[in-house]
Amino acid sequence: MLITLRETADRLMAANSLILTAHVNPDGDAIGSCLGLKFLLETMGKRVQVIIDDDIPKFLNIMPGIEEIKKPVEESYEADYLVILDACLDRVGVLPEKCKAPVLNIDHHGTNDELADYLYLDAESAATAEIIYRLAKALGIRFDKDSATAVYIGLATDSGYFKYSNTTPHTMRAAAELMETGIRPEKISEAIETKDFSVIQGMAKALQTVELFADGKVAGVFLDHELTSSLDNTEGFIDLIRVIDGVDVSVVLKAVEPEVCRVSMRSKVTDVSLIAAGMGGGGHKRAAGCTIKMPFAEAKKYLMSEILKALEV
Ligand code: 5GP
Ligand code: MN
């Protein structure tokens, strides 16, 4: 059921204990939204746990409270609400099976399946963290440095440091106000963007696979299982090819298992959320992803035919 921001705030206010979670393969917005909301709710005396069914990426180590995030190792969990942030029910792993509390879903993905008991969805927000910022206002809670840092990281990472098309005056105003707590954007971006030397070597290997399609409108990097296994991390690889002159759709395909491939897409014109949704995934017009359960070569063929079919001229 769709609810308003006010009703979302009222439901959170009325709860005593909450479990917050976000999507697997968590990014800066998923984790920043969870920790930001956790800090804010704790100032109201709520009992809050953040539980995510995946590993936490090292590049987010600057996030305050990140060490408190747990995995869903218990048999079952009790809470007044299971709060799902930055995703819908199908992408958060086992927690909805282990926690039977009503699901309160807060998201900014237009492809949300709307199956949650209560859903606040705002696809105009640059990040789920931007919704958390507005929730803090609705709840009348002030930001301290920790909550501001978490929410700022969500805003900054999902908007490409305020340069993607999802950035609005609201995003900028929220960031400006969060900065008033004393957080330093350059320290945050430096910590997040610093990479091990081995990651740069991995990027060099990955870039050797780059191919152009459709007269240069599509660029892809294709990492088979052997290459993927040799890489620590593929964060940021797509940003290396999205900047190629003339490219509309960029894509990274990686075989995370012999018969399971992950896809990341970015675009300037074509709506890649529709392409991803057609393959069982989702996301935004300009950034989307999916998982293809096929061997690498087959997945590549399928993916490229779906992208070429969808190209907008
Ligand atoms: P990324 O390429 O950074 O992993 O994801 C880009 C965007 O697409 C993010 O907003 C992410 O949440 C969404 N996305 C990525 N993979 C999937 C997927 O498998 N399913 C859905 N529903 N969304 C995805
Ligand atoms: Mn997000």
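Remarks
- Overall, region 86-185 carries a charge dipole of about 380 debye about its Cα centre when +1 sits on the Cβ of Lys and Arg and -1 on the Cβ of Asp and Glu, all other atoms neutral.
- In percent, rounded to a whole number, the relative contact order of region 1-83 is 38, using alpha-carbon pairs under 8 Å and six or more apart.
- Cα-based helix-to-principal-axis angle, 197-207 vs the chain, degrees rounded to 10: 50
- Derived scalar couplings ³J(HN,Hα) [region 70-76; Karplus, 6.51 cos²θ - 1.76 cosθ + 1.60; whole Hz; x for Gly, Pro]: 10, 9, x, 8, 6, 5, 8
- Shape annotation for region 59-161: C-alpha extents along the principal axes are 36, 30, 29 Å, from largest to smallest.
- With Cα atoms, 0 to 90° folded angle of helix 145-158 axis to the chain main axis: 30
- Near the amide H of Thr111, within less than 5 Å, lie the amide hydrogens of Gly283, all on another chain or at least 5 residues away, with H placed in the peptide plane.
- Degrees separating the helix 128-139 axis from the principal Cα axis of the chain, which is the longest one: 10
- Basic side chains Lys and Arg get +1 at the Cβ, acidic Asp and Glu get -1 at the Cβ, and with that the dipole of region 210-313 about its Cα centre reaches some 320 debye.
- Peptides 3-9, 182-188 ordered by average Cβ neighbours within 10 Å, highest first: 3-9, 182-188
- Applying D = kT/(6 pi eta Rh) to region 159-274, where Rh is the Kirkwood radius over alpha-carbon pairs, T corresponds to 10 °C and eta to 1.306 mPa s, the Stokes-Einstein value obtained is 98 µm²/s.
- Amide H within-cut-off set for Thr270, under 5 Å, with H built and near neighbours excluded: Glu312
- Dipole magnitude for the chain: computed about the Cα centre from +1 point charges on Lys and Arg Cβ and -1 point charges on Asp and Glu Cβ, it is near 460 debye.
- Here the gap between Asp117 and Asp55, fully extended at 0.36 nm per residue and compared with their Cα-Cα distance, gives a gain of 19.6 nm.
- Taking a Cβ cut-off of under 12 Å around Met265, the surrounding Lys, Arg, Asp and Glu residues balance to a net charge of +3, with basic ones at +1 and acidic ones at -1.
- Under the Debye formula (equal points on every Cα, no solvent term), log10 I(q)/I(0) of region 1-60 at q = 0.14, 0.17, 0.18, 0.28 Å⁻¹: -0.44, -0.63, -0.69, -1.17
- Projecting the Cα atoms of Thr181, Val151, Leu139 onto the charge dipole of region 97-202 (Cβ charges, centred on the Cα centre) puts Thr181 farthest toward the positive pole.
- Dividing the summed helix terms, -39500 (n - 2.57) for each DSSP H run of n ≥ 4, by the number of residues in the chain produces a 222 nm estimate of -11000 deg cm²/dmol to the nearest 500.
- When the convex hull of its Cα atoms is projected in every direction, mean area for the chain (nm²): 15.5
- On full extension, the segment bounded by Glu186 and Glu67 gains 40.6 nm, given 0.36 nm per residue less the C-alpha separation.
- Considering only region 5-192, percent of DSSP beta bridges that pair antiparallel, nearest 5: 0
- Residues Val256 and Ala138, FRET efficiency given R0 of 45 Å [Cβ-Cβ distance, rounded to 0.05]: 0.70
- By average C-beta atoms within 10 angstrom, highest first, the peptides 239-249, 97-107, 79-89: 79-89, 97-107, 239-249
- Using the average count of surrounding beta-carbon atoms within 10 Å as a protection proxy, the listed peptides 197-205, 43-51 rank, highest first, as 43-51, 197-205.
- Residue pairs exceeding 20 angstrom between C-alpha atoms, taken from Lys163/Lys268; Lys217/Lys293; Lys195/Lys301; Lys38/Lys285; Lys205/Lys300: Lys217/Lys293; Lys195/Lys301; Lys38/Lys285.
- Net charge, Phe237 excluded, C-beta distance under 13 Å - Lys, Arg +1, Asp, Glu -1: +3
Any read-out appearing in this document is the output of simple, stated calculations on the displayed coordinates, not a laboratory observation. Just so it is clear, the structure is predicted and the values come from calculations on it, not from any experiment. Every residue, glycine as well, gets a Cβ built from its backbone with ideal geometry; the counts of neighbours run over all protein chains shown.
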